[in-house]
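Here's the structure we're looking at; comments come further down.
The values are calculated or read from the model by the stated rules, or taken from the named source; none is laboratory data. These numbers come from a predicted model, not from an experiment. Cβ sites come from the backbone with ideal geometry, for glycine too, and all protein chains shown count toward neighbours.
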Amino acid sequence: MTESSEAGTTRYATFGGGCFWCVEAVFQRLAGVLAVESGYEGGHVDNPTYRQICNGDTGHAEVVRITYDPSRVEYAKLLEVFFKTHDPTTLNRQGNDRGTQYRSVVFFHDDEQKAQAETAIQRLTEAGVFDDPIVTEVTPTAVFYKAEDYHQNYYNDNPRQGYCQAIIAPKLDKFEQAFAGDLQ
């Protein structure tokens, strides 16, 4: 999906890579990313709540919808960050977070994104980057439901919270070292 803005054209990317707080914090720091919203996608319940998602029976994944400027960051770079900042080989799980809501998924917005995601998975597989097979789903975008306000900008608003210190901060440190030239 493409939108026009005063600054030019913007595009969307939607990824699920475990807890959306982690994924959101990473992409907020990437140059060319204009906005990141945490939410739910890919399920069968309209207007799901966080409580419903946590039960794991709505079919939704915790995702982030990224608005980006393709003249400043390419979709291929977004995919690279996505695959390097979560484990795409664990089915319905990231770390201690377990359930279908934590699955690894790329919701593509057009055929070009689909092709790029499938190519990225194929290249990572052929290069033997991961010991186990990649289980990331590549599926068409569905209805995106924005998560409750307290989930938005979570790490930036709560850096001293225990989960943020134990899980997100170390992930951000690794990301910032690996992508030092690509930070905002």
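Here is how the numbers come out for the structure above:
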{"item": "Qualifying positions in the range 108-126 - under 16 Å from D87 (Cβ atoms) and either more than 19 Å from the chain's Cα centre (by Cα) or loosely packed, with under 14 Cβ neighbours inside 10 Å (or both)", "result": "T125"}
{"item": "Verdict on T136 being surrounded by 15 or more Cβ atoms within 10 Å (Cβ to Cβ), under 16 Å from the mean Cα position of the chain (by Cα), under 20 Å from Q94 (Cα atoms) and of a type in the set (S, T, N, Q)", "result": "yes"}
{"item": "Residue check, V135 β-branched (V, I, T), out of contact with any Cys (no Cβ under 7 Å at 6 or more places or on another chain) and under 19 Å from V33 (Cβ atoms)", "result": "no"}
{"item": "Selection count, the range 136-159, where residues are closer than 14 Å to F82 by Cβ and among the β-branched types (V, I, T)", "result": "2"}
{"item": "Elements of type strands (runs of 3 or more DSSP E) contained in the range 1-94, each with 3 or more residues being under 21 Å from V135 (Cβ atoms)", "result": "8-17, 61-68"}
{"item": "Single residue of P88, P159 found to be closer than 22 Å to F175 by Cα and under 16 Å from the mean Cα position of the chain (by Cα)", "result": "P88"}
{"item": "Residues that are part of a strand (DSSP E or B), surrounded by fewer than 21 Cβ atoms within 10 Å (Cβ to Cβ) and out of contact with any Gly (no Cβ under 6 Å at 6 or more places or on another chain), drawn from the range 95-107", "result": "R98"}
{"item": "Residues of the range 139-184 that turn out to be assigned to a helix (DSSP H, G or I) and touching a His at 6+ places or on another chain (Cβ under 7 Å), as a count", "result": "0"}
{"item": "Hits in the range 62-78 (condition: within 15 Å of the chain's Cα centre (by Cα), surrounded by 21 or more Cβ atoms within 10 Å (Cβ to Cβ) and among the aliphatic types (A, V, I, L, M))", "result": "V63, V64, I66, L78"}
{"item": "Residue match in the range 147-156 (condition: touching a residue at least 60 places away in the same chain (Cβ under 8 Å), touching an Asp or Glu at 6+ places or on another chain (Cβ under 6 Å) and surrounded by fewer than 17 Cβ atoms within 10 Å (Cβ to Cβ))", "result": "no"}
{"item": "Members of the range 72-95 found to be small (G, A, S) and at pLDDT below 95, listed by number", "result": "G95"}
{"item": "Test for R98: is it of a type in the set (K, R) and more than 23 Å from L34 (Cβ to Cβ)", "result": "yes"}
